[in-house]
Structure formats: structure tokens, C-alpha cells
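The values are calculated or read from the model by the stated rules, or taken from the named source; none is laboratory data. These numbers come from a predicted model, not from an experiment. Methodologically, a virtual Cβ is constructed for each residue, glycine included, from the backbone with ideal geometry; neighbour enumeration extends over all protein chains shown. Keep in mind that these areas ignore ligands, DNA and RNA; they rest on the heavy atoms of the full protein, side chains included. Shrake-Rupley method; radii C 1.70, N 1.55, O 1.52, S 1.80 Å.
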Amino acid sequence: MEQWIQVEPWIDQSKQQLDRLMEWVQRQPAAQFYATFAILFLSSIFFVLVRVLKRTKSNTIVLAGLSGSGKTILFYQLRDGSSHQGTVTSMDPNEGSFVLHSESEKKGKIKPVHVVDVPGHYRLRPKLDEFLPQAAGLVFVVDALDFLPNCRAAAEYLYDILTKAAVVKRKIPLLIVCNKTDKVSAHSKDFIRKQLEKEIDKLRVSRTGASAADIADEFTLGVSGEPFVFSQCLNKVMLAESSGLTGEISQVEQFIREYVRC
Ligand SMILES: Nc1nc2c(ncn2[C@@H]2O[C@H](COP(=O)(O)OP(=O)(O)OP(=O)(O)O)[C@@H](O)[C@H]2O)c(=O)[nH]1
Ligand SMILES: [Mg+2]
């Protein structure tokens, strides 16, 4: 009884508030209800569509890297199992949807992969932005033979890629492929990783010091106060070795199959 006495005023108050709310609702013109209902209905359809579209996985793998690193030969190896010796500097992206040559004999339904080879010439690099929004994975090809003279340029290109919103927000996995390992003088992937990390670290310092108007980076890289290592990136960054010339590309194929599932 005592408890009832305590809660009774609160119930009365709530009832009055509810009555006032109902009166207010009844006073509103019908058009507002229809508009509210339409907005709620359309936004729920929009959210359902976004979820469905997110679930439809992309099958695009983008090949990027400096000119002469071996992207086009890698593209042919993936598609035809041969290097088509005698490639020239590409002037346009090379793209195709195909079942990987190494899987062409396999039985059952095999998902084709859409591979895009973006030329390394710096004027053609902006083409990369057209393909990143649909990329399931990114393969960055490095010339392991002629690596040291090109280390700075490769690091700059990688830095640009790793700070792009399209890469960071979608956490696009990146495979750095140290190519041309058929030659004994090719550098190992551990050496290349360390050198690239060092160069990116230097770039990070110089770019952070530059004025915001001079830099186009959409995201900052690494952890401030710590030397840069690839494991600090929000997207997964892995390293592999290959030879497009001899067809030793199994690590690239493994990466593709990990992110473009059959
Ligand atoms: N030894 C060796 N040479 C390679 C290998 N892959 C490519 N090359 C050579 O490197 C040169 C450049 O190869 P491409 O595939 O045309 O290079 P790219 O990356 O497509 O170059 P751009 O189209 O200019 O961006 C060619 O002369 C190839 O023969 C490799 O695995 N080993
Ligand atoms: Mg090419």
C-alpha cells in the first residue's frame, strides 16, 4: 500500500504527459505523418540495399608498381601461364576477367578473377583511383633486381597508396611482390621490406613537416613517435617473391585466392 502511494503521483503525471502527446499528435496535419512514414520506409530500404551490396564480394585484383617492375608479364602469367616475352611500357590499363591459368584444369565452378594492370608511368598512375573502389586486393610489384636505385620512388608510390582513403577505409589487403627473383642478384623480400619501411619512415617525417596545402595524403601513416613498420597499417600488408619470367607466381595466386574466393 505504501509503495502504491509512492508511485501513484508518478503514474498520474505520466498519464497527463501521454494525453498531451496524443493531443499534439492529433493536431498534426496528415501530410506530416505520410512524410515521416515515407522517410522511415525509404531509409530502411536504403540500409538493406547497402548491406546487400556490401555482401556481394568484388573479384577485382589491381596490379600496381613502378614502370618496368613486371606487372604486365605477371598479368599474362596469371591469365595464360606464359610471359609473352617482349612487353613494352604500357600506356593504358590492361584488364581482363579470367579463370587463373593454374586453375583452368580444375573441375567444378571456379570464380573468374578480374585483374587490372595499371601502368607505372607517373602520368598514368591516377588511373589507379578508378579501380581502387572495387578492388578486393592490391598487388604492388617491386623490381627486386634493380631495387636500390628505385627504392625511393617505390616507397613514394607505396606511401601514396597506403594513405589513400579508398585503401584505408576499405582496408584493402596489399601484397608487395618482390619480382625477378629468377636472378641470383635479386634482393630478398626481407631486405626489401626493411628498406621500404625505412624510406617510408623518412617520407612520413618530411610529409608531416610539409604544409597541409602541399600534400594530398588523405590519411596519416603509422604510429607517431615510432619507426614505421608495415604492421602498423590498418589494412593487411604482406610480402611475397615471384618471377613473372619463369612463371614462379604461386604466392601471388595464393593471395588472389585468399581474397577472391571460388
Ligand atoms: N628477369 C626477369 N625479368 C622480368 C621479370 N618480369 C618482368 N621482367 C622484365 O622486366 C621488363 C618490364 O616488364 P613489364 O611487365 O613490361 O613491366 P611493367 O611493370 O608492366 O611496366 P609498365 O607497363 O611500364 O608499368 C621486361 O623487359 C621484362 O622482360 C622477371 O620475373 N624476371
Ligand atoms: Mg606494363
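Structural remarks
- Along each principal axis, taking the top coordinate minus the bottom one, the Cα set of region 62-161 gives 45, 31, 21 Å in descending order.
- Nonlocal amide H pairs with residue 113, under 5 Å, H built at 1.01 Å: 98, 99, 100
- Portion, in percent, of the accessible area of region 57-259 that falls on carbon or sulfur, probe 1.4 Å: 51
- Net charge of Cβ neighbours under 11 Å - reference residue 152; Lys, Arg +1; Asp, Glu -1: 0
- Per-bin percent of Cα-Cα distances, region 8-54 [10 Å]: 23, 25, 24, 21, 8, 0
- A crude spin-label estimate for the pair residue 110 and residue 57, with each label 7 Å from Cα along the Cβ direction, gives 1.7 nm.
- Note on region 57-259: dipole from Cβ charges, positive end direction compared against 181, 137, 67; the farthest Cα belongs to 137.
- The angle separating the long axis of helix 250-259 from the principal Cα axis of greatest extent in the chain is about 10 degrees.
- Potential extension, residue 99-residue 11 segment - 0.36 nm per residue separation minus Cα distance: 24.8 nm
- In the chain, Rg over Rh equals 1.25, where Rg is the alpha-carbon radius of gyration and Rh the Kirkwood radius from pairwise Cα distances.
- A Cβ-based charge dipole, computed about the Cα centre of the chain with Lys and Arg at +1 and Asp and Glu at -1, lands at about 460 debye.
- Nearby lysines by direct alpha-carbon distance to residue 71 (threshold 16 angstrom, same-chain neighbours under 8 apart not counted): 127, 180
- Neighbourhood net charge (14 Å Cβ-Cβ; Lys/Arg +1, Asp/Glu -1) for residue 81: -3
- Were the residues from residue 33 through residue 84 laid out at 0.36 nm apart, the gain over their Cα-Cα distance would be 11.7 nm.
- Acute angle (nearest 10 degrees) that the helix 30-55 long axis makes with the longest principal axis of the chain, alpha-carbon atoms: 30
- Crossing angle, helix 71-80 versus the chain [Cα axis fit, 0-90 degrees, rounded to tens]: 90
- Region 8-54, dipole about Cα centre (Lys/Arg Cβ +1, Asp/Glu Cβ -1), debye to the nearest 20: 400
- Rounded to the nearest 0.05, the FRET efficiency derived from the C-beta distance between residue 257 and residue 226 at R0 = 30 Å is 0.35.
- Placing R0 at 30 angstrom, the Cβ-Cβ distance between residue 205 and residue 146 gives a FRET efficiency of 0.70 after rounding to 0.05.
- FRET E, pair residue 47, residue 129, Förster distance 25 Å, beta-carbon r, rounded to 0.05: 0.35
- Looking at region 112-224, the accessible area is 47 square angstrom per residue; that uses a 1.4 Å probe and ignores ligands, DNA and RNA.
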